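The values are calculated or read from the model by the stated rules, or taken from the named source; none is laboratory data. It should be emphasised that the depicted structure is a prediction, and the values quoted were computed from it without experimental measurement. Using ideal geometry, Cβ is built from the backbone for each residue, glycine included, and neighbour counts are taken over all protein chains shown.
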Protein chains: 2
Amino acid sequence: MGDLVKVKTKELEEFTKNVFLRLGMNEEDAWVSADVLVRADRRGIESHGVARLQRYVDDIKRGVIKIDAEIKTIVETPVSLVIDGGGGVGQVIGSKTMKRCIEKAKTNFICLAAIRNSNHYGIAGYYTLMALKENMIGLSFTNSAPLVVPTFGKDAVLGTNPISVGVPAGEERPFLLDMATSTVPRGKVEVYARKGDSMPKTWATDEKGMATTEAQRVLDNLAARKGGGLLPVGGEGMLNAGHKGYGLAALVDILCGVFSNGAVGPDVYGKKGQPSEVAHFLGAVNPAAFVGLGAIQEKMDYFIRMMKHSQKAEDQCCIYVAGEVEYLAEEANAESLGLLKKVFDNLNTIGKEFNLTLKGELG
Amino acid sequence: MGDLVKVKTKELEEFTKNVFLRLGMNEEDAWVSADVLVRADRRGIESHGVARLQRYVDDIKRGVIKIDAEIKTIVETPVSLVIDGGGGVGQVIGSKTMKRCIEKAKTNFICLAAIRNSNHYGIAGYYTLMALKENMIGLSFTNSAPLVVPTFGKDAVLGTNPISVGVPAGEERPFLLDMATSTVPRGKVEVYARKGDSMPKTWATDEKGMATTEAQRVLDNLAARKGGGLLPVGGEGMLNAGHKGYGLAALVDILCGVFSNGAVGPDVYGKKGQPSEVAHFLGAVNPAAFVGLGAIQEKMDYFIRMMKHSQKAEDQCCIYVAGEVEYLAEEANAESLGLLKKVFDNLNTIGKEFNLTLKGELG
């Protein structure tokens, strides 16, 4: 994996925010754009962390992401919103919409929002975490660039389309599901390609649409758009229930792209020469819509303990609950965290242009 | 698979309704209880069809399912309901609650309902179909008897907890996802046990909690509660993303059992000597909460055609959309359908007690 450089979490947040400020964002937008990225690193989801800062910088410079986009409300009811993000910053559009959902759910119990014309919004779980902070149930889904093949299909027409749902607990940590609907993300295929390892057959297909263990071949085919791609959860065909992962990936595309009348499937890429058109679906649900916060927290603690304390499979120490591993990482990374040297160096390369330096300690 | 007996669909509905009437149900309740079962057969989901009538008859006679249960509203807001089914008939509680959700969503855009103290409610998709009939988006989830092991767990503490979401289309058939969150249902393991075939390793675990190909062993262990059970979608461990199926199964339990303050996990079985306490979660969403029915139907047609017309994997003729195979079956079974002779004979055995006969034609 390469050497790690230890950086102070606060300094990483400050550095990242300053890059966004120098790119012309206002204070509030720069803060949230940085917070989404660093939060991913803090929660151990490095694939979605500051390693992606370069892409955001490039997209903002090229005008693919418009930092001065106008966010328009297309439809508003007491319990729903349809938002047009105007090609703006996904993190800004997402967090502003989630805030409105939470406010509306405080008085109207539920608010669901479909968002079109946005960009990559980082980890889906960031927005569910916002709801959890207010003791609400949070929902967050997004479509994304086409990388996933439908069951019996040859071409990647669906994104890795994640599902995130968060539910508050009492003494236990919240339940926080945040999962791509593909078996693995592209990053995992890249790791296998670098090592030259054989992939499990449930991960990806070749240019004929058949399951393959050859990681580099999958990446080459995706780059050349020659066919094949990532497999939905469950893998190829129906024997291991790949059609279920495919159904979930399609569902996410519908919630995001159809309910907002935005882009779906391969259109998320944007038409030729046009910016990408990512769509999201966010929601906040007030526990008072059901049996109330207290009863839900108590039953959640009971449910979580029941699972965690049930018998383990041979040689296994622990049963984890969705989000638990990420909460443990976040607790460990509160003060400082380790970045791959490659990522750390890249951040300082980005920083140079803006007279910004990130300090770090090798080892 | 055994011989098939052809029966008229209308006669099967009439026969099944009459059995429920003779058991003491009123006309409306008997009709919906029969309709849920026959609808499953019509849609090609025989595992949830009239083959289960015997179980319902037995449970009603033993008082496990109470046909005169009072259905109580515990919480009501403009956009939500919490219902206590009083141990009544799952189909009656489910359909009555879904009707209320649809009515409320007509004026208030969204209604979500958590239901406790119910019983098996048949196919989850029945209730989403109710919403689709009114051009609404439908949601239906239920917890169920513990058969599924969590990732790294040895014991079955979760149900096969299905997820169903239906979205109306225009000229295309609606999108209707209806999937258990286990790789396969128990019925599929039973088929492999009867044939003595080796199961794929993603289906189930043995008494030590390790993936196994031995179907009979899994069934024996489940019957003796010796450990092991069905695997969540994605299979054992995390390599093929079994933790995602596990996360979804847990989510369904939370929506149903936690939000209603009902039973979760192994408690769904009911405490010793007590009736089972199944919990459901239903919802109806008015397309007017988002971009409206017309725009959603148009974009759904576009999305469905995009997927169906995309390139096929080698040797594959077709890409299906969730629900499509079941809609094709329903169209084919409109007039008559084939029942396994074993099932047909069992129905007539049940009928004998009530002076009811179901006619059928072998072959």
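Points to keep in mind about this one:
- Filter result (within 14 Å of chain A (Cβ to nearest Cβ) and either among the small types (Gly, Ala, Ser) or in a loop (DSSP other than H, G, I, E, B) (or both)) within the stretch B:92-134: B:105, B:109, B:113, B:114, B:124, B:125
- Filtered residues of the stretch B:167-184 (kept if within 10 Å of another protein chain (Cβ to nearest Cβ) and more than 27 Å from residue B:203 (Cβ to Cβ)): B:167, B:169
- Every pair of residues 6+ apart whose Cβ atoms lie under 7 Å, when the first sits in the stretch B:350-363 and is closer than 13 Å to residue B:54 by Cα while the second is of a type outside the set (Lys, Arg): B:350/B:19; B:350/B:53; B:350/B:54; B:350/B:57; B:351/B:15; B:351/B:19; B:351/B:357; B:351/B:358
- Among (1) within 9 Å of another protein chain (Cβ to nearest Cβ); (2) among the hydrophobic types (A, V, I, L, M, F, W, C); (3) closer than 21 Å to residue B:33 by Cβ - the single one residue B:163 does not satisfy: (3)
- Residue within the stretch B:249-258 that is more than 8 Å from chain A (Cβ to nearest Cβ), closer than 20 Å to residue A:316 by Cα and out of contact with any Cys (no Cβ under 9 Å at 6 or more places or on another chain) present: no
- Set side by side, the residues A:94, A:88 differ, and just one is at negative phi and in contact with a helix residue (DSSP H, G or I) (Cβ under 6 Å, 6 or more places away or on another chain), which is A:94.
- Of all residues in the stretch A:17-27, those satisfying the criterion of being out of contact with any Ser or Thr (no Cβ under 8 Å at 6 or more places or on another chain) and in contact (Cβ under 8 Å) with a residue 24 or more places away in the chain are A:18, A:19, A:22, A:23, A:24.
- Here the stretch A:321-349 is the region considered, the condition is being of a type in the set (Asp, Glu) and without any contact (Cβ under 8 Å) to a residue 40 or more places away in the chain, and the residue that is surrounded by the most Cβ atoms within 10 Å (Cβ to Cβ) is A:345.
- Close pairs from the stretch A:77-91: first within 7 Å of chain B (Cβ to nearest Cβ) and touching a residue at least 24 places away in the same chain (Cβ under 8 Å), partner surrounded by fewer than 23 Cβ atoms within 10 Å (Cβ to Cβ) and part of a loop (DSSP other than H, G, I, E, B), Cβ under 8 Å, at least 6 apart: A:82/A:261; A:82/B:291
- Verdict on residue B:13 being in a loop (DSSP other than H, G, I, E, B) and assigned by TED's automatic domain parsing to the domain that holds residue B:99: no
- Meeting the requirement of 2 or more residues that are among the aromatic types (Phe, Trp, Tyr), the helices (runs of 4 or more DSSP H) wholly within the stretch A:215-314 are A:293-308.
- Whenever a residue of the stretch A:132-150 is in contact (Cβ under 8 Å) with a residue 40 or more places away in the chain, its partners that are polar (S, T, N, Q) and assigned to a strand (DSSP E or B), lying with C-beta atoms within less than 6 angstrom and at least six residues away or across chains, give the pairs A:140/A:164; A:148/A:182; A:149/A:205.
- Selected residue (only one of A:145, A:169 is assigned to a loop (DSSP other than H, G, I, E, B), among the hydrophobic types (A, V, I, L, M, F, W, C) and at pLDDT 95 or above): A:169
- Each residue in the stretch B:315-331 was checked for being part of a helix (DSSP H, G or I), hydrophobic (A, V, I, L, M, F, W, C) and out of contact with any helix residue (DSSP H, G or I) (no Cβ under 9 Å at 6 or more places or on another chain), and 2 pass.
- Here B:229, B:237, B:283 are screened, and the one residue that is touching a Leu at 6+ places or on another chain (Cβ under 7 Å), at positive phi and more than 7 Å from every other protein chain (Cβ to nearest Cβ) is B:229.
- When restricted to residues that are in contact with a strand residue (DSSP E or B) (Cβ under 8 Å, 6 or more places away or on another chain) and either among the basic types (Lys, Arg) or within 11 Å of residue B:118 (Cα to Cα) (or both), the stretch B:47-72 contains 2.
- Single residue of the stretch A:147-159 satisfying the filter (under 20 Å from the mean Cα position of the chain (by Cα) and buried (at least 24 other Cβ atoms within 10 Å of the Cβ)) that is nearest to the other protein chains (Cβ to nearest Cβ): A:157
- Looking across the stretch B:173-196, the residues that are surrounded by fewer than 17 Cβ atoms within 10 Å (Cβ to Cβ) and part of a helix (DSSP H, G or I) come down to B:187, B:190, B:191, B:194, B:195.
- Scope the stretch A:321-336; condition aliphatic (A, V, I, L, M) and either under 20 Å from the mean Cα position of the chain (by Cα) or at the interface with chain B (Cβ under 7 Å from one of its Cβ atoms) (or both); matching residues: A:321, A:322, A:325, A:328, A:329
- Restricting attention to the stretch A:289-320, the residues being facing chain B (nearest Cβ under 7 Å), crowded, with 19+ Cβ neighbours inside 10 Å and not aromatic (Phe, Trp, Tyr) number 9.
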